[in-house]
Amino acid sequence: MKKRLFHTVIALFLVFSLTGCVEGPQLSEEQENLVAEYAGGVLLRYSHKYDLRLVENDVDDDGVEDGGSVVSGPAADEQEVVTPEDLSEETPAPEVTVAPEESPAAESSMAPEATPAPDTEATETPEETEEPTVTLDELYDIDGLSFSYKGAEFTKRYPKDSDDVVISPDYGQILYVVSFNIKNTSSKTIRVNLTERAFHYELDIGGDTVLPTISLLPNGGLNYLMTRIDEGETEEAVLIFNVNKSRRTEKEKTLTITEGDKSVVLEL
């Protein structure tokens, strides 16, 4: 069988190489070289002297069937067969980097926190505690004596009918005299000394605040009252203020008398 195949290859080689003897297709020089190379390979394939010959799946002289085309000779040890499995193992799969998704918690943490509105109620300045308003008797609180407001007037001198002690205003000012009556309602004489007490007198007139002067009167005036009042008797005590003449026409005038946490406000 091998001899028949060998002879066939020789015949084919002679047919294609002897151009001009047989009519056929004209081959180029390159095509003729390919045919010659192929024919030579076929001849060497069955040459026992060629170490790299190929053996088909055929039964050899010993009657043993080969498992397939095998490359024999020393070059077989040097060749390396690469399988698809080897390619998949050697070629690393490209790494794909996936950007991490931002969690809702991270997004919410990035948002600025709303600044709470200041508590205006807590920061408001507390209102001043008003002093309780009482009557004159409750304010002076002297057993057997009754205090009452008598009146007020502007004057250039006080007392008007006295030749001994006269109080005159400062330059550009006028006197404003506020009078009180003090009555002894008890059955005995009562000695009064208000210098031992801590009364505060303040006149508000046209936005000006004025304090009383020293009256230099025999009883000392209400702010420095030192006197004796007999049973059933009434004594007058005054407060004298130096005010600007321009305030003489003011209609709103207020006198505030205070001791400790008690006060009396009089509209004059």
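Full extension of the chain between Thr258 and Ser146 gives 38.6 nm of extra length, using 0.36 nm per residue less the Cα-Cα distance.
Taking the mean number of other Cβ atoms within 10 Å as a proxy for protection, how do you rank 249-255, 216-222 from highest to lowest?
Ranked from most to least packed, the peptides come out as 216-222, 249-255.
What you get for the range 143-268, charging only the Cβ of Lys and Arg (+1) and of Asp and Glu (-1), is a dipole of about 220 debye around the Cα centre. Computed extension gain for Thr185 through Ala198, at 0.36 nm per residue and net of the alpha carbon distance, reaches 2.3 nm. Taking the alpha carbon gyration tensor of the range 190-253, multiplying each eigenvalue by 5 and rooting it gives semi-axes of 28, 12, 10 Å, largest first.
The phi-based Karplus calculation (6.51 cos²θ - 1.76 cosθ + 1.60; θ = phi - 60°) puts the 3J(HN,Hα) values of the range 213-230 at 8, 6, 7, 6, 8, x, 8, x, x, 5, 6, 10, 5, 9, 7, 10, 10, 6 Hz, whole numbers, x for Gly and Pro.
Based on every Cα atom in the range 151-201, Rg and the maximum pairwise Cα distance Dmax equal 15.1, 47 Å. Distance between the modelled labels on Leu211 and Ala36, one decimal in nanometres: 14.2 nm (7 Å Cα→Cβ projection). Just to be sure I understand the curve: with the Debye formula and one point per C-alpha of the range 140-268, what is log10 I(q)/I(0) at q = 0.11, 0.13, 0.22 Å⁻¹? Values, matching the q order: -0.40, -0.55, -1.40.
Values quoted throughout were computed directly from the atomic coordinates according to the rules given, and no laboratory measurement underlies them. Just so we're clear, the structure is a prediction, and the values are computed from it rather than from any experiment. Please note: Cβ atoms are built from the backbone with ideal geometry, for glycine as well, and neighbour counts cover all protein chains shown.
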